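Undergrad: Next up is a structure, given as structure tokens.
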Ligand code: ARG
């Protein structure tokens, strides 16, 4: 348990022992620092509950709190607010213990097994900026949840099975009709066939096929037939699909790697297909589906519901299954393979209805135990400085790679080529560009749309990723230069600048807990900025290495080390890599 939580628990016990019941207790950081570090606001509520004067209750609590030597300057203000401060001795001890073990500043949660489904790249289609937030958010929630004690399994859940793949295969057939994949008489080994297609060809093929399908009903019908063949694992079509998968997955993996996004599982919609017969069996048994115009559907609208809630389309009239069906089958698969306590889905705001339908159908058919939580974690759009979604010059959706390149160009202008080693330049630029994008993405609450201005967010000054990286590198460099001096003990708190840093450090456990609850990284993003700013104020005010008071110098180095380690922890949660130099 974190040291601050321990203190909160003790204060709660003191209040309980006085005969006042509180459901929960947290120390509120004081807005009036001149009155104290924290404020206890509970006396007003207790007064109502116990029909007493709040000041009387406050006096009683104050008297008990005064016996605790972790606290000082306890005073009552207004109708019954209690202001308290932490004693220097307690703060010193706390920093020393956090400095030797950062877990003393984290509240571990009770064990749970979570599957996080994020990224959701589509095979044979270029990743676009919409996939970015899913990858960023999911990856960081994974890191945060793991850090707080959950077991987490991350799954890329590739879109690899539906009509888009049918369209791509059809278009390849039109381009290369003589490929043996399309020759039903072919009995040879498909792996020996040279496929004249690269990943960038694939990315071009899909839009072409998709446009044709919109304009030409016959073409669309052909694609539907191929999709069904694919889903039936028909020889030839299925083998070509596997080749497409290999080509595309390699590229997708490279993009995720460069974003510092990693998966335990690279499953896709197709992997769930093995579970579809069983899924349909269960649904039949539970009698929750019905026939409608040749298709099988599940009604998911609740009786008194007024907003639209279309039925879930389970099996289309041509026999192929929908995106919803693969998600249902995936739930079955995950239950069997991992038996998770919760499944989290990070997908953009437009998929809310989809997940609502899937979750309702899951409950109706009892696919998973009632106490297994299914959570959709949606997010808003990242827009370009003109307020509209990022577009390519010809008006298409901007591929993620192009956005990364755009930011890299900004970064390229700004790194210090005198200090970055030549063989590290590209890696450094990538790390900074990724930090630029990700940090900007985490500042707003996740469901908020925001504007990403590559120039502004690449700046090393301001609330930006590069600022955090730069400041953290500088802390490291100070610690290295100070190696010849003692860095063991936090002995004294010099002034309010130092004290502010210490108090800010104590906020960490709370921030991490809140962020996990809201499933948004904005709290973490604000916090690391605030901590870094406080530290940089200290850095500007003092000359640590030239300090003559050796106790003070040692204290400063310990404080620097604690902030540095905290920043590393937070940057890691945010999925940012710190370069050597920049
Ligand atoms: N591939 C989907 C898309 O690009 C996202 C997948 C989200 N996850 C899921 N289990 N459906 O829109």
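Undergrad: Quick check on packing: order 418-430, 3-15 by the mean number of other C-beta atoms within 10 Å, highest mean leading.
TA: 3-15, 418-430
Undergrad: Over region 403-526, calculate the relative contact order: mean separation of alpha carbon pairs under 8 Å at least 6 apart, over the residue count, as a percent.
TA: Details: 88 pairs, mean separation 31.9, N = 124.
Relative contact order comes out at 26 percent.
Undergrad: Continuing with this model, one more query. Separation between the residue 262 and residue 93 pseudo-spin-labels, each 7 Å from Cα along Cα→Cβ, expressed in nm?
TA: 3.9
Undergrad: State, as an integer percentage, the relative contact order of region 185-312 based on alpha-carbon contacts under 8 Å between residues 6 or more apart. Could the numbers behind the result be given before it?
TA: Details: 47 pairs, mean separation 15.8, N = 128.
Relative contact order for region 185-312 comes out at 12 percent.
Undergrad: Right, here's the next one. What's the angle, to the nearest 10 degrees (0 to 90), between helix 217-231's Cα axis and the longest principal axis of the chain?
TA: For 217-231 against the chain, the angle is about 70 degrees.
Undergrad: Here is a further query. Using a/c under 1.5 as the rounded threshold, could you call region 255-395 rounded, prolate or oblate? The axes a ≥ b ≥ c are square roots of the C-alpha gyration tensor eigenvalues, and prolate needs a/b larger than b/c, oblate otherwise.
TA: In terms of gyration-tensor shape, prolate.
Undergrad: Once the Cβ-Cβ distance between residue 303 and residue 580 is put in as r, and R0 is 56 Å, what FRET efficiency do you end up with, to the nearest 0.05?
TA: That gives a FRET efficiency of 0.35.
Undergrad: For a label point 7 Å from the Cα of residue 286 along Cα→C-beta, name the residues of region 313-332 whose backbone N is under 13 Å from it.
TA: 328-332
Undergrad: May I ask you to sort 243, 393 by Cβ crowding, counting other Cβ atoms within 10 Å and putting the fewest first?
TA: Least crowded to most crowded, the residues run 393, 243.
Undergrad: Using a 7 Å offset from the Cα along the Cα-to-Cβ direction at both residue 383 and residue 151, what is the distance between the two label points in nm, to one decimal?
TA: Computed distance between label sites residue 383 and residue 151 equals 4.4 nm.
Undergrad: Next question. Taking 0.36 nm per residue of sequence separation and subtracting the Cα-Cα distance, how much length would be gained by fully extending the chain between residue 17 and residue 66, in nm to one decimal?
TA: Roughly 16.1 nm would be gained on extension.
Undergrad: Using Cα atoms only, what is the angle between the long axis of helix 237-258 and the major principal axis of the chain, expressed in degrees (0 to 90) to the nearest 10?
TA: Once rounded, the angle reads 20 degrees.
Undergrad: Roughly speaking, what is the stretch gain from residue 363 to residue 459, that is 0.36 nm per residue apart minus the C-alpha to C-alpha distance, in nm to one decimal?
TA: So the chain would gain 29.7 nm between residue 363 and residue 459.
Undergrad: Let me know the shape class of region 174-242, please: from the alpha-carbon gyration tensor, a ≥ b ≥ c as square roots of the eigenvalues, rounded when a/c is under 1.5, otherwise prolate if a/b is greater than b/c, or oblate.
TA: Numbers: a/c = 2.08, a/b = 1.36, b/c = 1.53.
Cα axes put region 174-242 in the oblate bin.
Undergrad: Quick check on region 111-269: of the DSSP beta bridges with both residues there, what percent are antiparallel, nearest 5%?
TA: Roughly 0 percent of the DSSP beta bridges within region 111-269 come out antiparallel.
Undergrad: On to the next question. Roughly how many whole Å is it from the C-alpha centroid of region 116-134 to that of region 330-390?
TA: Between the Cα centres of region 116-134 and region 330-390 lies a distance of 14 Å.
Undergrad: So for each of 302-315, 116-129, 276-289, 459-472 I average, over its residues, the number of other beta carbons within 10 Å; can you give me the resulting order with the highest mean first? Let's see the in-between values first.
TA: On the way: 302-315: 12.5, 116-129: 24.4, 276-289: 15.2, 459-472: 20.0.
So the peptides 302-315, 116-129, 276-289, 459-472, ranked by packing, come out 116-129, 459-472, 276-289, 302-315.
Undergrad: Quote the FRET efficiency, to the nearest 0.05, computed for residue 48 versus residue 75 with a Förster distance R0 of 30 Å and r equal to the Cβ-Cβ distance.
TA: Details: r = 23 Å, r/R0 = 0.76.
It comes out at approximately 0.85.
Undergrad: Can you give the convex hull volume per residue for the Cα atoms of region 68-134, as a whole number of Å³?
TA: 249
Undergrad: Take every DSSP beta bridge whose two residues both sit in the chain, then give the antiparallel share in percent to the nearest 5.
TA: So the antiparallel bridges in the chain amount to around 50 percent.
Undergrad: Now a separate question. Can you give me the C-alpha center-to-center distance between region 512-582 and region 195-236, rounded to a whole angstrom?
TA: 51
Undergrad: For the chain, just say rounded, prolate or oblate: build the C-alpha gyration tensor, square-root its eigenvalues into a ≥ b ≥ c, call rounded for a/c under 1.5, and beyond that prolate if a/b exceeds b/c, oblate if not.
TA: Oblate is the answer for the chain, as a/c is 1.5 or above yet b/c matches or exceeds a/b.
Undergrad: Find the Cα radius of gyration of region 244-310, compare it with 2.2 N^0.38 Å by division, and give the number to two decimals.
TA: 1.74
Undergrad: Between helix 550-573 and the chain, what is the angle of the helix's C-alpha long axis to the longest principal axis, kept within 0 to 90° and rounded to the nearest 10?
TA: 20
Undergrad: Over the chain, what is the relative contact order in percent, taking alpha-carbon pairs closer than 8 angstrom and at least six residues apart? Write out the running numbers ahead of the final one.
TA: Details: 885 pairs, mean separation 84.9, N = 582.
Normalised by residue count, the contact order of the chain is 15 percent.
Undergrad: Take every Cα-Cα distance within region 448-496, group them into 10 Å bins from 0 onward, and report for each bin the whole-number percent of pairs it holds.
TA: Cα pair-distance distribution for region 448-496, in percent: 20, 28, 28, 16, 8.
Undergrad: Obtain the nm distance between the two label points defined at residue 186 and residue 41 by a simple spin-label model: each point lies 7 Å from its Cα along the Cα-to-C-beta direction.
TA: Between residue 186 and residue 41, the simple spin-label model gives 7.0 nm.
Undergrad: Can you tell me how much longer the chain between residue 427 and residue 414 gets when fully stretched, taken as 0.36 nm per residue apart minus their C-alpha distance, in nm with one decimal?
TA: Result: 3.2 nm gained on full extension.
Just so you know, all these numbers are worked out from the coordinates, no wet-lab data involved. Remember, predicted model here, so these are calculated numbers, not experimental data. Quick reminder, even Gly has a Cβ in these numbers, built from the backbone with ideal geometry, and neighbours come from all protein chains shown.
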